[in-house]
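Any read-out appearing in this document is the output of simple, stated calculations on the displayed coordinates, not a laboratory observation. What you see is a predicted model; the values in this text were computed from it and never measured. Glycine gets a Cβ as well: all are built from the backbone with ideal geometry, and neighbour counts include every protein chain shown.
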Amino acid sequence: MRVLITGGAKALGRAFSEVLGAQGHQLIITGRDERALDTAAAELRAKGVYVEAHVADLADPNATPKLIESLGVDVLVNNGALGGPVGPTWEVDETDWWRTFEVNLRGTAFAANAAIRTMTSGRIINVVSNAGVHRWPYVTAYSVSKAAVIKLTENLAIELKRRPIAVLSYDPGMVDVGLMRRGRTMSDGSADEQRVAEWARSQRASGRFTPVEQSAGLLVRIVSGEFDHRSGELITAQDG
Ligand SMILES: NC(=O)c1ccc[n+]([C@@H]2O[C@H](COP(=O)([O-])OP(=O)(O)OC[C@H]3O[C@@H](n4cnc5c(N)ncnc54)[C@H](OP(=O)(O)O)[C@@H]3O)[C@@H](O)[C@H]2O)c1
């Protein structure tokens with residue numbers, strides 16, 4: 001299958017690219033960082049994976065949709081996201097707060113729309129977070145944007161129930177890469193950032209992290225269609 005993974009060159013997205021490539025899927029990876037995309041593409045190709053890499057900023061409402069419409073995909077993995085600003089909601093920079101929604105919610109929604117308009121069948125997997133189910137005080141733009149994506153998924157699934165297109169939310173669990181690794185290893189920053197870092201360290205110490213191989217392994221099963229009968233739902237690491 002042709003699988004487009006936004007943010008597919010780095011961290012969790014890169015782990016997803018590795019396992020999906022190993023399964024023989026054709027990959028299209030996107031992101032803002034051209035160098036990271038080129039490096040990831042070269043490393044994947046060296047393992048025999050078919051991969052195309054394209055710069056596409058999710059903050060640009062047209063970039064990813066245009067790619068999807070011109071390249072065609074069977075599966076869209078909406079993985080790219082911003083962690084957003086950290087601090088009391090009324091104190092953080094409001095432009096940063098809102099930009100998080102432009103990337104995490106509008107970027108995800110418009111990519112999904114383009115996939116739905118061009119696919120005859122397939123699936124859309126929106127990577128979300130427990131922070132969108134529960135709360136993540138001091139990281140509200142991230143938490144609220146992920147909550148909105150979970151609701152978007154539920155609504156799209158109903159609108160698509162007469163078409164063979166599944167839409168699922170996937171919470172990969174807290175993994176020791178990307179956002180959570182940066183969070184837990186942060187040694188400076190504001191008092192609020194330190195509080196979030198301490199929380200991340202405590203979560204890891206109490207065994208609440210999910211091994212990245214497990215997160216990526218479950219994603220492969222979702223991409224294969226195993227969870228299509230649960231379209232609209234949130235799939236979590238526990239479903240593995
Ligand atoms: N790490 C965790 O423990 C964890 C837990 C729950 C959920 N998640 C979810 O998993 C996904 C990946 O998280 P991560 O930890 O790997 O985060 P990360 O290290 O911050 O990576 C984010 C990815 O998104 C891309 N991205 C960010 N802004 C973008 C933009 N404007 N346009 C295009 N691409 C953009 C980045 O690529 P460029 O820099 O090239 O743009 C990068 O590949 C996110 O949806 C996150 O919410 C992660």
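Using a cutoff of 8 angstrom between alpha carbon atoms and counting only pairs six or more residues apart, the relative contact order for the stretch 64-204 works out to 26 percent.
In units of the compact-protein estimate 2.2 N^0.38 Å, the stretch 45-113 shows a Cα radius of gyration of 1.37. Treating each Cα of the chain as an identical point scatterer and summing with the Debye formula, the log10 of I(q)/I(0) at q = 0.11, 0.12, 0.15 Å⁻¹ comes to -0.53, -0.63, -1.01.
Starting from the alpha-carbon convex hull of the stretch 89-142, give the projected area averaged over all orientations, in nm². Write down the numbers at each step before the final one.
Numbers: hull surface 17.2 nm².
The directionally averaged projection comes out at 4.3 nm².
Helix content alone sets the calculated 222 nm mean residue ellipticity of the chain: runs of n ≥ 4 DSSP H residues at -39500 (n - 2.57) each, divided across all residues, give -14000 deg cm²/dmol. Placing +1 on each Lys and Arg Cβ and -1 on each Asp and Glu Cβ, with no other charges, gives the chain a dipole about its Cα centre of roughly 520 debye. Straight-distance candidates among the lysines for linking to Lys10, with alpha-carbon spacing under 23 Å and chain neighbours fewer than 8 residues away dropped: Lys47, Lys66, Lys146. Normalised by residue number, the volume inside the convex hull of the Cα atoms of the stretch 1-104 is 92 Å³ per residue.
For the chain, the longest principal axis of the alpha carbon atoms and the long axis of helix 212-224 meet at an angle near 30°.
By how many degrees, 0 to 90 and rounded to 10, does the Cα axis of helix 34-46 deviate from the longest principal axis of the chain? So the inclination is approximately 50 degrees.
Each part reduced to its alpha carbon centroid, the stretch 6-35 and the stretch 96-121 end up 18 Å apart.
Here the simple spin-label model places points 7 Å from the Cα toward Cβ, and for Met186 and Arg162 these points are separated by 4.8 nm.
Its alpha carbons give the stretch 133-229 an Rg and a Dmax of 16.3, 51 Å.
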